[in-house]
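First the structure, in the form of C-alpha coordinates, and then the observations on it.
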Amino acid sequence: MDAAEFRKRGKEMVDYIADYLETIDKRQVFPDVEPGYLRPLIADCAPQDPESFEDVFKDIEKIIMPGVTHWHSPYFFAYFPAASSFPALLADMLCGGIGCVGFSWAASPACTELETVVLDWLGKMINLPEEFLAEKDGQGGGVIQGSASEATLVSLLAARTKTIRRVQSEKPELTEADIMGRLVAYASDQAHISVERAALIGGVKIKNVSSDDAFSVCGSALKKVLDEDKASGLIPFFFCATLGTTPCCSFDKLLELGPICNKENIWMHIDAAYAGSAFICPEFRHLLNGVEFADSFNFNPHKWLLVNFDCSAMWVKKRSDLIGAFKLEPLYLQHHHQDSGLVTDYRHWQIPLGRRFRSLKLWFVLRMYGVTGLQEHIRKHVRLSHQFEHLVRQDERFEICAEVILGLVCFRLKGSNELNEALLKSINEAKKIHLVPCHLREKFVLRFAICSRTVESTHIKSAWQHISQLATDLLKTWEQNHHQQ
(Lines give C-alpha, C1' and ligand atoms only; values in the text may rest on other atoms or scores of the structure.)
Protein backbone atom coordinates (compact mmCIF):
# COMPACT_ATOMS: atom_id res chain seq x y z
CA MET A 1 0.00 0.00 0.00
CA ASP A 2 1.50 3.33 -1.03
CA ALA A 3 0.64 6.78 0.33
CA ALA A 4 -1.99 7.38 -2.38
CA GLU A 5 -3.87 4.20 -1.53
CA PHE A 6 -3.43 4.89 2.18
CA ARG A 7 -5.22 8.24 1.72
CA LYS A 8 -8.12 6.52 -0.05
CA ARG A 9 -8.38 3.56 2.34
CA GLY A 10 -7.88 5.74 5.39
CA LYS A 11 -10.94 7.79 4.43
CA GLU A 12 -12.92 4.58 3.89
CA MET A 13 -11.87 3.29 7.32
CA VAL A 14 -12.82 6.57 9.03
CA ASP A 15 -16.26 6.34 7.35
CA TYR A 16 -16.61 2.73 8.44
CA ILE A 17 -15.73 3.55 12.08
CA ALA A 18 -18.06 6.58 12.11
CA ASP A 19 -20.91 4.44 10.67
CA TYR A 20 -20.17 1.68 13.19
CA LEU A 21 -20.38 4.08 16.14
CA GLU A 22 -23.41 5.96 14.79
CA THR A 23 -25.45 2.78 14.23
CA ILE A 24 -24.05 0.66 17.07
CA ASP A 25 -27.43 0.62 18.81
CA LYS A 26 -28.79 -1.50 15.92
CA ARG A 27 -26.23 -4.25 16.61
CA GLN A 28 -26.87 -6.98 19.17
CA VAL A 29 -24.80 -5.96 22.18
CA PHE A 30 -23.39 -9.45 22.92
CA PRO A 31 -22.32 -11.84 20.14
CA ASP A 32 -24.02 -15.10 19.13
CA VAL A 33 -20.88 -17.20 18.82
CA GLU A 34 -19.43 -20.24 20.55
CA PRO A 35 -15.76 -20.58 21.59
CA GLY A 36 -13.62 -21.46 18.57
CA TYR A 37 -16.01 -19.78 16.09
CA LEU A 38 -13.25 -17.87 14.29
CA ARG A 39 -10.68 -20.51 13.31
CA PRO A 40 -12.84 -22.27 10.65
CA LEU A 41 -13.60 -18.87 9.04
CA ILE A 42 -9.98 -18.11 8.14
CA ALA A 43 -7.17 -19.96 6.38
CA ASP A 44 -4.86 -22.33 8.25
CA CYS A 45 -1.82 -20.14 7.65
CA ALA A 46 -0.88 -16.66 6.44
CA PRO A 47 -1.14 -16.04 2.68
CA GLN A 48 2.02 -16.47 0.60
CA ASP A 49 1.01 -13.68 -1.77
CA PRO A 50 -0.44 -10.26 -0.91
CA GLU A 51 -4.22 -9.89 -0.75
CA SER A 52 -6.14 -6.75 -1.66
CA PHE A 53 -7.44 -4.27 0.89
CA GLU A 54 -10.99 -5.00 -0.40
CA ASP A 55 -10.64 -8.66 0.61
CA VAL A 56 -9.39 -7.77 4.06
CA PHE A 57 -12.04 -5.08 4.50
CA LYS A 58 -14.90 -7.45 3.52
CA ASP A 59 -13.80 -9.85 6.23
CA ILE A 60 -14.32 -7.27 8.99
CA GLU A 61 -18.11 -7.73 8.87
CA LYS A 62 -17.88 -11.41 7.97
CA ILE A 63 -15.34 -12.59 10.56
CA ILE A 64 -14.62 -9.92 13.17
CA MET A 65 -17.92 -8.17 13.93
CA PRO A 66 -19.89 -11.40 14.64
CA GLY A 67 -17.53 -11.98 17.57
CA VAL A 68 -17.41 -8.44 18.98
CA THR A 69 -18.99 -7.46 22.30
CA HIS A 70 -20.09 -3.88 21.58
CA TRP A 71 -18.72 -1.97 24.57
CA HIS A 72 -19.85 1.36 23.16
CA SER A 73 -23.46 0.30 22.63
CA PRO A 74 -26.00 2.26 24.69
CA TYR A 75 -27.29 -1.18 25.79
CA PHE A 76 -23.93 -2.16 27.34
CA PHE A 77 -24.19 -1.85 31.14
CA ALA A 78 -21.44 -4.28 32.19
CA TYR A 79 -18.12 -3.78 34.01
CA PHE A 80 -17.31 -0.03 33.97
CA PRO A 81 -17.31 2.30 30.95
CA ALA A 82 -14.64 2.04 28.25
CA ALA A 83 -14.16 5.60 27.09
CA SER A 84 -14.13 6.64 23.45
CA SER A 85 -14.58 9.81 21.45
CA PHE A 86 -13.79 11.03 17.97
CA PRO A 87 -10.98 13.40 19.08
CA ALA A 88 -9.30 10.51 20.95
CA LEU A 89 -9.56 8.21 17.92
CA LEU A 90 -7.98 10.86 15.67
CA ALA A 91 -5.16 11.39 18.16
CA ASP A 92 -4.56 7.64 18.34
CA MET A 93 -4.26 7.59 14.57
CA LEU A 94 -1.61 10.33 14.79
CA CYS A 95 0.17 8.41 17.56
CA GLY A 96 0.34 5.38 15.27
CA GLY A 97 1.51 7.54 12.38
CA ILE A 98 4.35 9.18 14.32
CA GLY A 99 5.17 5.74 15.71
CA CYS A 100 7.86 6.78 18.17
CA VAL A 101 8.87 4.57 21.09
CA GLY A 102 9.19 7.09 23.91
CA PHE A 103 11.47 5.38 26.43
CA SER A 104 13.54 8.54 26.96
CA TRP A 105 13.32 12.29 26.40
CA ALA A 106 15.75 11.99 23.48
CA ALA A 107 13.67 9.24 21.85
CA SER A 108 11.08 11.96 21.15
CA PRO A 109 11.08 15.12 23.27
CA ALA A 110 7.45 16.04 22.49
CA CYS A 111 6.27 12.59 23.59
CA THR A 112 7.79 13.10 27.04
CA GLU A 113 7.13 16.79 27.57
CA LEU A 114 3.47 16.75 26.49
CA GLU A 115 2.80 13.91 28.95
CA THR A 116 4.34 15.85 31.84
CA VAL A 117 2.30 18.96 31.01
CA VAL A 118 -1.11 17.32 30.36
CA LEU A 119 -0.81 15.30 33.57
CA ASP A 120 -0.28 18.57 35.41
CA TRP A 121 -3.42 19.87 33.63
CA LEU A 122 -5.38 16.81 34.68
CA GLY A 123 -4.04 17.01 38.24
CA LYS A 124 -5.24 20.61 38.48
CA MET A 125 -8.66 19.62 37.09
CA ILE A 126 -9.19 17.29 40.06
CA ASN A 127 -7.51 19.71 42.47
CA LEU A 128 -4.64 17.37 43.38
CA PRO A 129 -2.28 18.82 46.01
CA GLU A 130 0.66 20.66 44.44
CA GLU A 131 3.18 18.05 45.66
CA PHE A 132 1.84 15.67 43.01
CA LEU A 133 2.55 18.07 40.13
CA ALA A 134 5.79 18.37 38.17
CA GLU A 135 5.65 22.11 37.44
CA LYS A 136 7.72 24.70 39.31
CA ASP A 137 10.48 22.21 40.11
CA GLY A 138 8.13 19.99 42.10
CA GLN A 139 9.33 16.62 43.40
CA GLY A 140 6.23 14.80 42.17
CA GLY A 141 4.67 14.37 38.78
CA GLY A 142 2.38 12.31 36.61
CA VAL A 143 2.87 9.47 34.17
CA ILE A 144 0.52 7.58 31.84
CA GLN A 145 0.47 3.86 32.62
CA GLY A 146 -1.28 1.22 30.51
CA SER A 147 -3.79 0.31 33.23
CA ALA A 148 -4.63 0.77 36.92
CA SER A 149 -3.20 -2.74 37.47
CA GLU A 150 0.20 -1.47 36.27
CA ALA A 151 -0.03 1.62 38.46
CA THR A 152 -0.71 -0.54 41.54
CA LEU A 153 2.16 -2.89 40.68
CA VAL A 154 4.63 -0.06 40.04
CA SER A 155 3.72 1.64 43.34
CA LEU A 156 3.94 -1.66 45.26
CA LEU A 157 7.38 -2.42 43.80
CA ALA A 158 8.60 1.11 44.57
CA ALA A 159 7.27 0.78 48.14
CA ARG A 160 9.01 -2.59 48.50
CA THR A 161 12.38 -1.16 47.42
CA LYS A 162 11.99 1.89 49.66
CA THR A 163 11.08 -0.24 52.70
CA ILE A 164 13.90 -2.75 52.18
CA ARG A 165 16.43 0.11 52.00
CA ARG A 166 14.98 1.79 55.10
CA VAL A 167 14.91 -1.40 57.19
CA GLN A 168 18.44 -2.35 56.09
CA SER A 169 19.73 1.07 57.16
CA GLU A 170 18.09 0.59 60.58
CA LYS A 171 19.08 -3.10 60.95
CA PRO A 172 22.12 -3.83 58.76
CA GLU A 173 22.24 -7.42 60.01
CA LEU A 174 19.04 -8.27 58.07
CA THR A 175 19.43 -9.52 54.51
CA GLU A 176 17.09 -8.51 51.71
CA ALA A 177 15.59 -12.02 51.79
CA ASP A 178 14.91 -11.74 55.56
CA ILE A 179 13.02 -8.50 55.01
CA MET A 180 11.14 -9.72 51.89
CA GLY A 181 9.80 -12.70 53.84
CA ARG A 182 8.27 -10.38 56.44
CA LEU A 183 6.77 -7.69 54.18
CA VAL A 184 2.96 -7.39 54.08
CA ALA A 185 0.71 -5.36 51.78
CA TYR A 186 -2.93 -4.56 52.58
CA ALA A 187 -6.13 -3.76 50.69
CA SER A 188 -9.87 -3.77 51.30
CA ASP A 189 -11.81 -7.02 50.99
CA GLN A 190 -13.62 -5.10 48.21
CA ALA A 191 -10.41 -4.16 46.35
CA HIS A 192 -9.88 -5.14 42.72
CA ILE A 193 -8.16 -8.48 42.13
CA SER A 194 -5.28 -6.60 40.45
CA VAL A 195 -4.02 -5.56 43.92
CA GLU A 196 -3.66 -9.20 44.98
CA ARG A 197 -2.01 -9.89 41.63
CA ALA A 198 0.50 -7.09 42.20
CA ALA A 199 1.50 -8.69 45.51
CA LEU A 200 1.79 -12.07 43.78
CA ILE A 201 4.13 -10.60 41.13
CA GLY A 202 6.00 -8.60 43.79
CA GLY A 203 6.59 -11.75 45.87
CA VAL A 204 5.05 -10.34 49.07
CA LYS A 205 2.21 -11.36 51.39
CA ILE A 206 -1.08 -9.49 51.09
CA LYS A 207 -3.94 -9.31 53.59
CA ASN A 208 -7.51 -8.14 53.20
CA VAL A 209 -8.80 -5.51 55.60
CA SER A 210 -12.48 -5.94 56.49
CA SER A 211 -14.82 -3.30 55.12
CA ASP A 212 -17.78 -1.89 57.08
CA ASP A 213 -21.53 -1.95 56.34
CA ALA A 214 -21.00 0.61 53.56
CA PHE A 215 -18.25 -1.63 52.05
CA SER A 216 -15.57 0.93 53.05
CA VAL A 217 -12.36 0.39 55.00
CA CYS A 218 -12.07 2.63 58.07
CA GLY A 219 -9.03 3.49 60.17
CA SER A 220 -9.80 1.19 63.12
CA ALA A 221 -10.01 -1.90 60.86
CA LEU A 222 -6.60 -1.16 59.34
CA LYS A 223 -5.01 -0.36 62.71
CA LYS A 224 -6.23 -3.66 64.20
CA VAL A 225 -4.57 -5.74 61.42
CA LEU A 226 -1.36 -3.68 61.55
CA ASP A 227 -1.02 -4.06 65.32
CA GLU A 228 -1.50 -7.84 65.09
CA ASP A 229 1.03 -8.20 62.26
CA LYS A 230 3.68 -6.00 63.85
CA ALA A 231 3.33 -7.98 67.10
CA SER A 232 4.13 -11.16 65.18
CA GLY A 233 7.26 -9.65 63.61
CA LEU A 234 5.87 -8.78 60.17
CA ILE A 235 6.68 -5.51 58.34
CA PRO A 236 3.62 -3.67 56.96
CA PHE A 237 4.80 -1.62 53.97
CA PHE A 238 1.96 -0.90 51.49
CA PHE A 239 -1.75 -0.13 51.65
CA CYS A 240 -3.95 0.25 48.58
CA ALA A 241 -7.00 2.37 49.31
CA THR A 242 -9.84 2.15 46.79
CA LEU A 243 -12.08 5.01 45.72
CA GLY A 244 -14.99 3.53 43.77
CA THR A 245 -14.63 -0.24 44.27
CA THR A 246 -15.44 -2.51 41.33
CA PRO A 247 -18.23 -4.50 43.02
CA CYS A 248 -20.29 -1.54 44.29
CA CYS A 249 -18.38 1.77 43.93
CA SER A 250 -17.71 2.20 47.66
CA PHE A 251 -15.06 4.58 49.03
CA ASP A 252 -12.40 3.81 51.62
CA LYS A 253 -12.07 6.43 54.38
CA LEU A 254 -8.87 8.22 53.34
CA LEU A 255 -8.97 10.81 56.13
CA GLU A 256 -8.77 8.00 58.72
CA LEU A 257 -6.41 5.71 56.77
CA GLY A 258 -3.90 8.31 55.57
CA PRO A 259 -2.54 9.46 58.95
CA ILE A 260 -2.14 5.81 60.07
CA CYS A 261 -0.13 4.96 56.93
CA ASN A 262 2.04 8.08 57.33
CA LYS A 263 2.72 7.32 61.02
CA GLU A 264 3.57 3.67 60.32
CA ASN A 265 5.85 4.37 57.34
CA ILE A 266 3.43 2.56 55.01
CA TRP A 267 3.16 3.62 51.35
CA MET A 268 -0.46 4.57 50.64
CA HIS A 269 -1.51 4.11 47.03
CA ILE A 270 -4.98 5.23 45.96
CA ASP A 271 -6.73 3.28 43.21
CA ALA A 272 -9.56 5.42 41.85
CA ALA A 273 -9.62 3.70 38.45
CA TYR A 274 -13.30 4.38 37.70
CA ALA A 275 -14.31 7.07 40.18
CA GLY A 276 -11.34 9.40 39.68
CA SER A 277 -12.79 11.01 36.55
CA ALA A 278 -15.75 12.28 38.60
CA PHE A 279 -13.45 14.41 40.76
CA ILE A 280 -13.31 17.00 37.95
CA CYS A 281 -16.83 17.94 39.17
CA PRO A 282 -16.67 20.09 42.33
CA GLU A 283 -19.68 18.25 43.83
CA PHE A 284 -17.73 14.96 43.84
CA ARG A 285 -14.27 16.30 44.77
CA HIS A 286 -14.87 15.71 48.52
CA LEU A 287 -14.59 11.97 47.80
CA LEU A 288 -10.85 12.59 47.21
CA ASN A 289 -10.29 14.38 50.55
CA GLY A 290 -7.32 12.70 52.22
CA VAL A 291 -5.32 12.29 49.00
CA GLU A 292 -2.79 14.63 50.63
CA PHE A 293 -1.65 11.67 52.80
CA ALA A 294 -1.02 9.39 49.79
CA ASP A 295 2.30 8.55 48.16
CA SER A 296 0.72 7.70 44.81
CA PHE A 297 -2.68 8.14 43.17
CA ASN A 298 -4.18 6.69 40.01
CA PHE A 299 -7.31 6.84 37.88
CA ASN A 300 -8.26 5.83 34.34
CA PRO A 301 -9.26 8.54 31.86
CA HIS A 302 -9.82 5.54 29.56
CA LYS A 303 -12.82 4.56 31.69
CA TRP A 304 -14.89 7.70 32.06
CA LEU A 305 -13.10 10.69 30.52
CA LEU A 306 -13.66 10.00 26.80
CA VAL A 307 -10.03 8.96 26.16
CA ASN A 308 -9.89 5.51 24.57
CA PHE A 309 -7.87 2.63 26.06
CA ASP A 310 -5.09 2.65 27.16
CA CYS A 311 -4.58 5.75 29.27
CA SER A 312 -4.21 5.36 33.03
CA ALA A 313 -3.05 8.49 34.86
CA MET A 314 -0.76 8.04 37.86
CA TRP A 315 0.85 10.66 40.10
CA VAL A 316 3.55 10.32 42.74
CA LYS A 317 4.54 12.73 45.48
CA LYS A 318 8.23 11.85 45.15
CA ARG A 319 9.25 10.71 41.72
CA SER A 320 12.65 9.75 43.15
CA ASP A 321 10.88 6.85 44.95
CA LEU A 322 9.78 5.38 41.60
CA ILE A 323 12.99 6.13 39.73
CA GLY A 324 15.03 4.75 42.62
CA ALA A 325 13.29 1.38 42.24
CA PHE A 326 13.57 0.97 38.47
CA LYS A 327 16.54 2.98 37.19
CA LEU A 328 19.10 1.15 35.03
CA GLU A 329 21.26 3.06 32.54
CA PRO A 330 22.77 1.02 29.68
CA LEU A 331 24.89 3.10 27.32
CA TYR A 332 22.47 2.68 24.40
CA LEU A 333 19.65 4.43 26.31
CA GLN A 334 21.72 7.34 27.60
CA HIS A 335 21.59 10.86 26.12
CA HIS A 336 23.49 14.06 26.81
CA HIS A 337 20.54 15.88 28.47
CA GLN A 338 19.68 13.18 30.99
CA ASP A 339 21.58 14.70 33.93
CA SER A 340 20.51 18.28 33.25
CA GLY A 341 17.65 18.06 35.76
CA LEU A 342 15.32 19.38 33.03
CA VAL A 343 14.17 16.12 31.49
CA THR A 344 12.10 13.09 32.42
CA ASP A 345 12.91 9.60 31.16
CA TYR A 346 9.62 7.81 31.70
CA ARG A 347 11.11 4.33 31.28
CA HIS A 348 12.11 4.64 34.97
CA TRP A 349 8.45 5.14 35.97
CA GLN A 350 6.90 1.97 34.54
CA ILE A 351 7.22 -1.78 33.85
CA PRO A 352 8.05 -1.76 30.10
CA LEU A 353 10.83 0.42 28.70
CA GLY A 354 8.96 1.36 25.53
CA ARG A 355 5.85 3.50 25.46
CA ARG A 356 3.39 4.96 22.97
CA PHE A 357 2.67 8.67 22.48
CA ARG A 358 -0.48 8.34 24.62
CA SER A 359 -0.58 11.93 25.85
CA LEU A 360 -1.77 13.03 22.37
CA LYS A 361 -5.25 11.59 22.89
CA LEU A 362 -5.53 13.10 26.36
CA TRP A 363 -4.43 16.48 24.96
CA PHE A 364 -6.91 16.32 22.06
CA VAL A 365 -9.82 15.39 24.36
CA LEU A 366 -9.05 17.96 27.07
CA ARG A 367 -8.83 20.70 24.44
CA MET A 368 -11.82 19.72 22.30
CA TYR A 369 -14.26 19.00 25.15
CA GLY A 370 -12.91 21.46 27.71
CA VAL A 371 -13.44 20.92 31.42
CA THR A 372 -17.12 21.90 31.12
CA GLY A 373 -17.84 19.37 28.37
CA LEU A 374 -16.22 16.56 30.36
CA GLN A 375 -18.09 17.59 33.53
CA GLU A 376 -21.38 17.43 31.63
CA HIS A 377 -20.53 13.91 30.41
CA ILE A 378 -19.91 12.73 34.01
CA ARG A 379 -23.03 14.46 35.35
CA LYS A 380 -25.23 12.97 32.65
CA HIS A 381 -24.09 9.45 33.55
CA VAL A 382 -24.70 10.10 37.26
CA ARG A 383 -28.21 11.43 36.50
CA LEU A 384 -28.97 8.30 34.45
CA SER A 385 -27.81 5.99 37.26
CA HIS A 386 -30.14 7.77 39.69
CA GLN A 387 -32.95 7.43 37.14
CA PHE A 388 -32.35 3.66 37.05
CA GLU A 389 -32.13 3.53 40.86
CA HIS A 390 -35.50 5.32 41.08
CA LEU A 391 -37.11 2.79 38.69
CA VAL A 392 -35.76 -0.13 40.76
CA ARG A 393 -36.98 1.39 44.04
CA GLN A 394 -40.51 1.74 42.65
CA ASP A 395 -40.75 -2.04 42.21
CA GLU A 396 -41.12 -3.74 45.60
CA ARG A 397 -39.86 -7.05 44.19
CA PHE A 398 -36.36 -5.56 43.98
CA GLU A 399 -33.82 -4.11 46.41
CA ILE A 400 -30.89 -1.69 46.04
CA CYS A 401 -27.79 -3.21 47.64
CA ALA A 402 -25.34 -0.30 47.97
CA GLU A 403 -25.53 3.49 47.99
CA VAL A 404 -25.67 4.93 44.46
CA ILE A 405 -22.97 7.63 44.39
CA LEU A 406 -21.74 7.77 40.78
CA GLY A 407 -22.72 5.77 37.69
CA LEU A 408 -23.23 2.28 39.15
CA VAL A 409 -26.40 0.72 40.57
CA CYS A 410 -26.21 -2.60 42.47
CA PHE A 411 -29.61 -4.28 42.66
CA ARG A 412 -31.28 -7.68 42.93
CA LEU A 413 -34.59 -9.43 43.29
CA LYS A 414 -35.54 -9.98 46.93
CA GLY A 415 -34.95 -13.69 47.35
CA SER A 416 -32.30 -16.33 46.94
CA ASN A 417 -28.99 -16.12 45.12
CA GLU A 418 -30.24 -18.86 42.77
CA LEU A 419 -33.18 -16.67 41.78
CA ASN A 420 -30.87 -13.76 40.95
CA GLU A 421 -28.45 -16.00 39.06
CA ALA A 422 -31.42 -17.17 36.97
CA LEU A 423 -32.47 -13.55 36.34
CA LEU A 424 -28.97 -12.56 35.16
CA LYS A 425 -28.83 -15.65 32.94
CA SER A 426 -32.13 -14.73 31.27
CA ILE A 427 -31.01 -11.09 30.81
CA ASN A 428 -27.71 -12.03 29.18
CA GLU A 429 -29.18 -14.85 27.09
CA ALA A 430 -31.75 -12.44 25.63
CA LYS A 431 -28.75 -10.29 24.49
CA LYS A 432 -30.74 -7.04 24.40
CA ILE A 433 -28.60 -5.59 27.17
CA HIS A 434 -25.42 -6.82 28.86
CA LEU A 435 -24.76 -6.95 32.63
CA VAL A 436 -22.25 -8.61 34.96
CA PRO A 437 -22.73 -9.60 38.62
CA CYS A 438 -20.79 -9.21 41.86
CA HIS A 439 -20.89 -10.66 45.37
CA LEU A 440 -21.65 -8.29 48.23
CA ARG A 441 -21.08 -10.24 51.43
CA GLU A 442 -23.04 -13.43 50.72
CA LYS A 443 -25.43 -11.90 48.21
CA PHE A 444 -25.35 -12.43 44.44
CA VAL A 445 -25.97 -8.93 43.05
CA LEU A 446 -26.55 -7.50 39.56
CA ARG A 447 -24.47 -4.47 38.58
CA PHE A 448 -25.96 -1.86 36.24
CA ALA A 449 -23.18 0.50 35.09
CA ILE A 450 -23.85 3.52 32.89
CA CYS A 451 -21.21 3.06 30.19
CA SER A 452 -21.79 4.39 26.68
CA ARG A 453 -21.00 7.94 25.59
CA THR A 454 -24.30 7.89 23.65
CA VAL A 455 -26.58 6.37 26.33
CA GLU A 456 -29.76 8.37 26.99
CA SER A 457 -32.75 8.28 29.32
CA THR A 458 -34.76 6.25 26.76
CA HIS A 459 -32.14 3.45 26.85
CA ILE A 460 -32.40 3.33 30.65
CA LYS A 461 -36.19 3.09 30.52
CA SER A 462 -36.18 0.34 27.91
CA ALA A 463 -33.45 -1.58 29.81
CA TRP A 464 -35.56 -1.43 32.99
CA GLN A 465 -38.75 -2.51 31.17
CA HIS A 466 -36.81 -5.45 29.73
CA ILE A 467 -35.40 -6.47 33.14
CA SER A 468 -38.79 -6.04 34.80
CA GLN A 469 -40.55 -8.22 32.19
CA LEU A 470 -37.92 -10.94 32.44
CA ALA A 471 -38.29 -10.84 36.24
CA THR A 472 -42.08 -11.26 35.90
CA ASP A 473 -41.65 -14.26 33.59
CA LEU A 474 -39.00 -15.78 35.83
CA LEU A 475 -41.03 -15.40 39.04
CA LYS A 476 -44.02 -17.12 37.41
CA THR A 477 -42.03 -20.20 36.43
CA TRP A 478 -40.10 -20.09 39.71
CA GLU A 479 -43.36 -20.16 41.73
CA GLN A 480 -44.84 -22.94 39.56
CA ASN A 481 -41.71 -25.07 40.02
CA HIS A 482 -41.73 -24.30 43.74
CA HIS A 483 -45.37 -25.45 44.10
CA GLN A 484 -44.68 -28.63 42.11
CA GLN A 485 -41.83 -29.50 44.47
Count - residues of the range 236-255 that are part of a strand (DSSP E or B) and farther than 17 Å from Ala199 by Cβ
2
Can you find a residue that is open to solvent by 60 Å² or more (accessible area, probe 1.4 Å) and either within 30 Å of Lys461 (Cβ to Cβ) or assigned to a helix (DSSP H, G or I) (or both) anywhere in the range 62-69?
yes
Does Cys95 satisfy being under 22 Å from the mean Cα position of the chain (by Cα), at pLDDT below 95 and farther than 22 Å from Leu288 by Cβ?
yes
All conditions in (1) touching a residue at least 40 places away in the same chain (Cβ under 8 Å); (2) outside any loop (DSSP other than H, G, I, E, B); (3) under 28 Å from His72 (Cα atoms) are true of Gly97 except (1)
Do we have any residue at all in the range 238-250 that's under 23 Å from the mean Cα position of the chain (by Cα), touching a residue at least 12 places away in the same chain (Cβ under 8 Å) and open to solvent by 10 Å² or more (accessible area, probe 1.4 Å)?
yes
Failed item in (1) touching a strand residue (DSSP E or B) at 6+ places or on another chain (Cβ under 8 Å); (2) open to solvent by 10 Å² or more (accessible area, probe 1.4 Å); (3) without any contact (Cβ under 8 Å) to a residue 40 or more places away in the chain; (4) under 25 Å from Ala278 (Cβ atoms), with Lys253 passing the rest
(1)
Out of curiosity, is Glu399 among the charged types (D, E, K, R), in a helix (DSSP H, G or I), on the phi < 0 side of the Ramachandran plot and buried (at least 16 other Cβ atoms within 10 Å of the Cβ)?
no
Which residues, taken from the range 267-289, are in contact (Cβ under 8 Å) with a residue 60 or more places away in the chain and β-branched (Val, Ile, Thr)?
Ile280
Looking only at the range 256-266, filter to residues that are in contact with a strand residue (DSSP E or B) (Cβ under 8 Å, 6 or more places away or on another chain) and either under 16 Å from Ser216 (Cβ atoms) or assigned to a helix (DSSP H, G or I) (or both); which one of those is most open to solvent (accessible area, probe 1.4 Å)?
Asn262
When restricted to Leu342, Leu328, the only residue closer than 17 Å to Ala134 by Cα, outside any helix (DSSP H, G or I) and at pLDDT below 85 is Leu342
Got at least one residue in the range 148-168 being among the charged types (D, E, K, R), open to solvent by 20 Å² or more (accessible area, probe 1.4 Å) and either within 30 Å of Pro247 (Cα to Cα) or not assigned by the TED database to the domain that holds Asn298 (or both)?
yes
List the pairs whose first member sits in the range 201-222 and is outside the structural domain of Val404 (by the TED database), whose second member is outside any loop (DSSP other than H, G, I, E, B) and of a type in the set (Lys, Arg), and whose Cβ atoms are under 6 Å apart, counting only residues at least 6 apart or on separate chains?
Gly202/Arg160
Determine if the range 128-144 includes at least one residue that is closer than 24 Å to Gly373 by Cα, of a type in the set (A, V, I, L, M) and assigned to a loop (DSSP other than H, G, I, E, B).
yes
Whether any residue in the range 120-128 is under 24 Å from the mean Cα position of the chain (by Cα), in the same structural domain as Trp304 (by the TED database) and farther than 24 Å from Phe251 by Cα is what I want to check.
yes
Mind listing whichever residues of the range 204-221 are under 23 Å from the mean Cα position of the chain (by Cα) and open to solvent by 40 Å² or more (accessible area, probe 1.4 Å)?
Ile206, Lys207, Asn208, Ser210, Ala214
So Ala82 passes all but one of these: (1) open to solvent by 50 Å² or more (accessible area, probe 1.4 Å); (2) in a loop (DSSP other than H, G, I, E, B). Which condition number does it fail?
(1)
I need every pair where a residue in the range 472-485 that is charged (D, E, K, R) and at pLDDT 85 or above has its Cβ under 8 Å from the Cβ of a residue that is open to solvent by less than 90 Å² (accessible area, probe 1.4 Å) and assigned to a helix (DSSP H, G or I), sequence separation at least 6 or different chains.
Asp473/Ser426
Residues that are open to solvent by 70 Å² or more (accessible area, probe 1.4 Å) and assigned to a helix (DSSP H, G or I), drawn from the range 5-39:
Phe6, Arg7, Lys8, Lys11, Asp15, Asp19, Glu22, Lys26, Arg39
Here's a check for you: in the range 348-386, which residue that is outside any loop (DSSP other than H, G, I, E, B), of a type in the set (Lys, Arg) and closer than 20 Å to Leu114 by Cα is least open to solvent (accessible area, probe 1.4 Å)?
Lys361
All positions within the range 85-105 that are open to solvent by 20 Å² or more (accessible area, probe 1.4 Å) and under 21 Å from Tyr16 (Cβ atoms)
Phe86, Leu89, Leu90, Asp92, Met93, Leu94, Gly96, Gly97
Residue that is surrounded by fewer than 20 Cβ atoms within 10 Å (Cβ to Cβ) and at pLDDT 95 or above, where the choices are Lys414, Lys461:
Lys461
Scanning the range 267-305 residue by residue, those among the aliphatic types (A, V, I, L, M), part of a loop (DSSP other than H, G, I, E, B) and closer than 23 Å to Ile206 by Cβ turn out to be Ala272, Ala273, Ala294
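The values are calculated or read from the model by the stated rules, or taken from the named source; none is laboratory data. Keep in mind that what you see is a predicted model, and the values were worked out from it rather than measured. Positions of Cβ are generated from backbone atoms using ideal geometry, with glycine treated the same way; all protein chains shown enter the neighbour counts. Just so you know, the surface numbers come from the protein's heavy atoms only, side chains and all, with ligands and any DNA or RNA stripped out. Shrake-Rupley method; radii C 1.70, N 1.55, O 1.52, S 1.80 Å.
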